[in-house]
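Heads up: the structure comes next, in structure tokens.
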Number of protein chains: 2
Amino acid sequence: MPSDLRKGRRLLIPAVLVAAGLAVAAAGAGQGDAKSASPIFGVTVPDGYRSWQLIAPALEGEPLNELRAVVGNDIAVRASARGTVPFPDGTVLVKLAWKRVPSPEFEPATVPGRATTVQVMVKDATRYAATGGWGFGRFIDGEPVDEAQHETCFACHEARVKDRDFVFTRYAP
Amino acid sequence: MPSDLRKGRRLLIPAVLVAAGLAVAAAGAGQGDAKSASPIFGVTVPDGYRSWQLIAPALEGEPLNELRAVVGNDIAVRASARGTVPFPDGTVLVKLAWKRVPSPEFEPATVPGRATTVQVMVKDATRYAATGGWGFGRFIDGEPVDEAQHETCFACHEARVKDRDFVFTRYAP
């Protein structure tokens, strides 16, 4: 069936280009799944984080106007619930964020709208010794934001929550 | 030692009364752990709910001013993430709530303060046929609030989100 064959060839070329593009992206960031590694820190969005336990929700005011939820892997949740610092190596915290929108069914309530950023903190006291033991990643649609934004992460955490091992979020009882 | 014996007897009587009271409460609600079963529905706070997956956070405005987070058991999360209704029997949704307080370290943010209520919805289309298949429980410090408050649950859910199987909360992407 020549027409099906032609269709097959037309589909093949974009598929090869996409595969090549992925390979280049992976090589460029120097990691297996490097397409999504943050600059400076090489932090990636962890698999399965959406099913991790809740540490606490939050509301971010103007100008962002976002509902937030910080979740953590098991190491993070245990340490956070006990309130002990510093967090152990292997701790991973992920902050999900959504624009806040009025509930369509209940006027006094605000609920999550469009997802905005996913922000990740990974504890590795050796690898990230220069930044309090933490690696940072800030992602939009799964892709890291630029290096300039990543340069601001530690400075803010250091200025505000150094005595809490650089972590803002407390475990919500 | 007679004085210790007398003290022992004085303590024994309240203990017996408490035990009897618990037995009566248990019989009244028709459940094993009836101390904490809601009136009308006999819903209890499920074990381990604090480690359940997040469905969505929310903000409740005046007069409550609370941060909320709805978590669910595996059945609830699967159904909620797919957005299909009705929810299957066995679905359990738990809403945690805290007073909202300003973050002590970051001015634009609001974070959880004191925990206020825990609210539970249990799906059992047979047992709760009269209320859309849902049993409700509202708890403060682990104890259910009174019957009058529980009479309002279904009326509000029915009036506002009947076409969503009586569930307000949507899965946050």
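The values are calculated or read from the model by the stated rules, or taken from the named source; none is laboratory data. Everything numeric here is computed off the predicted structure, so don't read it as measured data. We place every Cβ from the backbone using ideal geometry, glycine too, and count neighbours over all the protein chains shown. Ligands, DNA and RNA are excluded from the accessible area calculation, which covers all protein heavy atoms including side chains. Shrake-Rupley method; radii C 1.70, N 1.55, O 1.52, S 1.80 Å.
Overview of results
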{"item": "Matching residues in the stretch A:12-63 - criterion: being modelled with pLDDT under 50 and in a loop (DSSP other than H, G, I, E, B)", "result": "A:30, A:31, A:32, A:33"}
{"item": "Scope the stretch B:117-153; condition within 14 Å of chain A (Cβ to nearest Cβ), open to solvent by 20 Å² or more (accessible area, probe 1.4 Å) and either outside any loop (DSSP other than H, G, I, E, B) or among the β-branched types (Val, Ile, Thr) (or both); matching residues", "result": "B:118, B:119, B:140, B:152, B:153"}
{"item": "Residue count, the stretch A:106-116 (criterion: out of contact with any Lys or Arg (no Cβ under 6 Å at 6 or more places or on another chain), over 15 Å from residue A:142 (Cβ atoms) and either more than 9 Å from every other protein chain (Cβ to nearest Cβ) or part of a strand (DSSP E or B) (or both))", "result": "3"}
{"item": "Selection count where residues are open to solvent by less than 30 Å² (accessible area, probe 1.4 Å) and of a type in the set (S, T, N, Q), scope the stretch A:42-52", "result": "0"}
{"item": "Pick from the stretch B:73-91, criterion buried (at least 21 other Cβ atoms within 10 Å of the Cβ) and within 25 Å of residue B:36 (Cα to Cα), ranking: nearest to the other protein chains (Cβ to nearest Cβ)", "result": "B:76"}
{"item": "Identity of the residue in the stretch A:53-64, within 8 Å of another protein chain (Cβ to nearest Cβ) and open to solvent by 30 Å² or more (accessible area, probe 1.4 Å), that ends up farthest from residue A:95 (Cα to Cα)", "result": "A:62"}
{"item": "All positions within the stretch B:92-105 that are assigned to a strand (DSSP E or B) and buried (at least 18 other Cβ atoms within 10 Å of the Cβ)", "result": "B:92, B:93, B:94, B:95, B:96, B:97, B:98, B:100"}
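Yes/no per residue for (1) modelled with pLDDT under 95; (2) in the same structural domain as residue A:40 (by TED's automatic domain parsing); (3) within 20 Å of residue A:69 (Cβ to Cβ):
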| position | (1), (2), (3) |
| --- | --- |
| A:123 | no, yes, yes |
| A:127 | no, yes, no |
| A:138 | no, yes, yes |
| A:151 | no, yes, no |
| A:158 | no, yes, no |
| A:169 | no, no, yes |
